[in-house]
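In what follows, a single structure is set out as structure tokens and then discussed.
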Amino acid sequence: MGEEFHGGGFTAFLVGVAEGQKGRIFGEFPAHEGGRAEKQEKRALRPLTPTPRNPSTTRCQFVPVCCLSKLLKGAPERPGPKAGSPSQTCHTPIVTRPVNPSPSPNKPALNVLGDALVICGCVPMTGWHRDGFCRTNASDLGRHSVCCVVTEAFLRYSQAQGNDLTTPAPAYDFPGLKPGDHWCVCAPRWLEAHEDGMAPLVRLEATEISSLEVIPLALLQASAA
């Protein structure tokens, strides 16, 4: 008995132990692989990159939307001219209560040429103050200072940027713009449109001098109406 153990029996014993260890190890291995596969599946479901931001906020994150109807959304309704009213002319603009009164109402506004600012348009009524002038103040973060003769191309471009200027907003007496209308456009938005080849013509005499803080005079002169 002892000879068998120390001879072939001992060898058989070692082989049996090895086989048992092998079966135990490989019996656990599939469970380990299964847990690994589950982790890989969860990892595959995880997004590779964060959700992309809105293009308009990426490009102009410090520039508010320059659509008058959007700027006034939620603001108390103001008295304004009705379409076709006798007072709604560029020679005798109607005086309305501005959303943000100018800090220096008696100081004459100047245009980019250094002369007195002239009216941009009253049909439809334009301007941050809704008085037909492209004059601004510190509260006008969008800088509605560039008097433009809008085109079909610019209106489509503006809409693609998230600023719909063609859809009427009756609550604010805004009929929507059409090609040929005069409108106070945000200086940063005009510069973007210029860089993309979509800038409308500019009326220099009706464009406030503050526009030069954003747009070089040479660019405005090159696009003069």
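The values are calculated or read from the model by the stated rules, or taken from the named source; none is laboratory data. Quick caveat: nothing in here was measured; it's all calculated off a predicted structure. With ideal geometry, Cβ positions are generated from the backbone for all residues, glycine too; neighbour counts draw on all protein chains shown.
Observations on the structure shown:
- Residue within region 155-167 that is touching a strand residue (DSSP E or B) at 6+ places or on another chain (Cβ under 7 Å), aromatic (Phe, Trp, Tyr) and in the same structural domain as Pro200 (by TED's automatic domain parsing) present: no
- Residue match in region 165-176 (condition: within 14 Å of Val112 (Cα to Cα) and crowded, with 20+ Cβ neighbours inside 10 Å): no
- The residues of region 188-225 that are under 19 Å from Leu177 (Cβ atoms), in contact with a strand residue (DSSP E or B) (Cβ under 6 Å, 6 or more places away or on another chain) and charged (D, E, K, R) amount to a single one, Arg203.
- Residue count, region 107-138 (criterion: under 21 Å from Ser223 (Cα atoms) and not in a loop (DSSP other than H, G, I, E, B)): 3
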